Amino acid sequence: MDYTKSFASALQTIRSEGRYRVFADICRQRGSFPRARHFGDTRNDDITVWCSNDYLGMGQHPDVLAAMHEAIETVGAGSGGTRNISGTTHYHVELERELADLHGKEAALLFTSAFVANDTTLATLQKLLPDSIIFSDAKNHASMISGIRNGGGEKRIFATNDVADLERHLKSVDIARPKIIAFESVYSMDGTIAPIGKICALARKYKALTYLDEVHAVGLYGARGGGIAERDGVMAEVDIINGTLAKGFGVMGGYIAATADLCDTIRSYAPGFIFTTSLAPAIAAGALASIRHLKTSNVERETHQERARTLKRKLKNAGLPVLDNPSHIVPVLVGDPVICKMVTDTLLERFGIYVQPINYPTVPKGTERLRLTPSPLHSDADMDHLCTALKALWAECPMSVEQKRAAE
């Protein structure tokens with residue numbers, strides 16, 4: 001077996017398809033978000049970041065930074081172990097209490113990332129509920145798909161946000177059989193929003209648990225940042241909420257919030273929780289400060305929504321193919337992986353604009369796109385510069401699949 005040849009062949013496959021991923025070597029500049037320093041091959045440039053999931057810029061907030069500095073000075077760097085063995089600090093306990101309160105649940109459980117939280121929880125639930133079946137939205141995140149696969153149980157895929165299709169699947173299963181409906185609130189690539197209340201109503205009718213991923217909504221929606229479920233007044237109807245500390249809250253980590261017994265059961269049975277070193281106390285402290293701030297401040301959320309609406313309007317006025325949706329996600333369709341990367345490379349090199357190309361397998365082939373994430377700190381001048389650059393590149397680049405479809 002020629003191992004080197006196998007690896008080289010695998011890399012060549014994705015290069016030939018135009019979807020080989022290159023990391024941008026950047027350093028964010030504290031206090032000047034969304035500015036950053038790009039370390040290129042020949043020079044270092046100041047750039048504007050347009051693809052960060054630090055949606056509200058909370059990773060730069062003074063309260064968050066102060067809390068992290070204080071935690072480091074108080075307890076040091078790492079947690080020192082897994083949660084079971086010396087790694088449960090008071091910062092973790094406080095953060096779980098704060099998250100439970102945020103979602104109106106009895107308890108919450110921290111993980112090192114929302115990916116791990118989804119993967120571990122969904123897999124463990126299937127093992128705890130013999131003969132269970134999961135109903136999964138067709139556009140669920142890779143972490144949810146991974147957890148569902150790792151659980152090894154039966155699954156049914158329903159069309160995205162389609163309650164009629166979901167009910168069709170639910171009807172076909174014995175009502176006494178354990179069921180879990182797994183879905184997201186905001187789908188991060190298209191920006192669509194789930195009808196959470198209607199899905200929960202079906203869950204009650206067919207006696208299913210609901211598992212809601214609010215990763216792209218926590219901190220951003222609701223009176224206190226509890227997500228779309230809070231905004232829509234249906235948070236109490238959802239059984240299990242998954243969220244992240246790395247996007248709206250600007251730090252790192254993931255969690256679930258649910259009943260005390262469910263969280264305790266996952267804590268006691270899930271290998272992805274039991275055998276993982278806990279979050280560093282400074283990270284927990286920063287997340288705690290961010291959540292507490294956003295529970296009482298709506299300025300960031302309101303400005304964020306205004307910025308997203310403004311950018312979509314400017315892109316449409318410039319004749320660019322922005323995908324309309326009701327959320328803060330701003331996708332600009334390209335439809336070809338090679339052209340998508342060509343556009344993003346040129347944006348960075350010529351215009352000092354950093355946008356990462358979104359290609360397969362993150363999105364289906366033929367739907368490659370730029371995924372723009374305006375924050376409260378992106379100015380009108382930043383947006384105008386972006387729109388001017390994109391309009392110029394759309395005129396220069398070969399016709400993409402999306403442009404050909406439009407022309408036809």
Exercise for the section: Return the lysines within reach of Lys365: Cα separation strictly under 21 angstrom, same-chain partners fewer than 8 residues apart disregarded; answer none if there are no such residues. Expected result: Lys139, Lys341, Lys404
Problem - the stretch 61-139: relative contact order as a whole-number percent, Cα under 8 Å and 6+ apart - result: 11
Handout entry: Mean Cα-pair separation over length for the chain, i.e. relative contact order, pairs under 8 Å, 6 or more apart, %
Key = 21
Problem - Most mobile listed residue (Cys397, Cys51, Cys200) in the chain, GNM with C-alpha springs under 10 Å - result: Cys397
Exercise for the section: Quantify, in whole percent, the carbon and sulfur part of the accessible surface of the chain (1.4 Å probe; protein heavy atoms only). Expected result: 54
Handout entry: Between the stretch 310-356 and the stretch 22-97, the alpha-carbon center distance in angstrom
Key = 26
Exercise for the section: Considering Cα pairs under 8 angstrom that are at least six residues apart, work out the relative contact order of the stretch 1-89 and quote it in whole percent. Expected result: 13
Completion exercise
Only helices counted: for the chain, with every DSSP H run of 4 or more residues adding -39500 (n - 2.57) and the sum spread over all residues, [θ] at 222 nm is -13500 deg cm²/dmol
Handout entry: Average accessible area per residue (Å²) across the stretch 1-57 - probe 1.4 Å, nucleic acids and ligands excluded
Key = 68
Handout entry: Which listed pairs, of Lys105/Lys247; Lys105/Lys155; Lys155/Lys247, have C-alpha distances above 23 Å, in listed order
Key = Lys105/Lys155; Lys155/Lys247
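At most 12 other C-beta atoms within 10 Å and a DSSP loop state: those are the exposed chymotrypsin sites (Phe, Trp or Tyr not before Pro) I care about. Give me the longest piece of the chain that has none. Provide the component values of the computation, followed by the final result.
Values: sites that count: Phe23, Phe275.
Segment 24-274 is the longest.
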Problem - Solvent-accessible area per residue for the stretch 247-385 (1.4 angstrom probe, square angstrom) - result: 37
Completion exercise
In terms of the alpha carbon gyration tensor, root eigenvalues a ≥ b ≥ c, rounded if a/c is under 1.5 and otherwise prolate when a/b exceeds b/c or oblate, the stretch 164-315 is oblate
Handout entry: For the stretch 71-191, accessible area per residue (1.4 Å probe, heavy atoms of protein chains only), Å²
Key = 42
Completion exercise
Correct response: the longest run of the chain lacking exposed trypsin sites (Lys or Arg not before Pro), defined by DSSP loop and at most 11 other Cβ within 10 Å, is 44-408
Practice task
Using only the Cα atoms of the stretch 44-160, build the gyration tensor, take square roots of its eigenvalues as a ≥ b ≥ c, and label the shape rounded, prolate or oblate: rounded if a/c is under 1.5, else prolate if a/b is larger than b/c, else oblate.
Solution key: oblate
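The values are calculated or read from the model by the stated rules, or taken from the named source; none is laboratory data. Quantities reported herein were computed from a predicted structural model and do not represent experimental measurements. Neighbour counts are summed over all protein chains in view; Cβ atoms, including those assigned to glycine, are modelled from backbone coordinates with ideal geometry. Accessible surface is based on the protein model in full, side chains and every heavy atom, while ligands, DNA and RNA are left aside. Shrake-Rupley method; radii C 1.70, N 1.55, O 1.52, S 1.80 Å.
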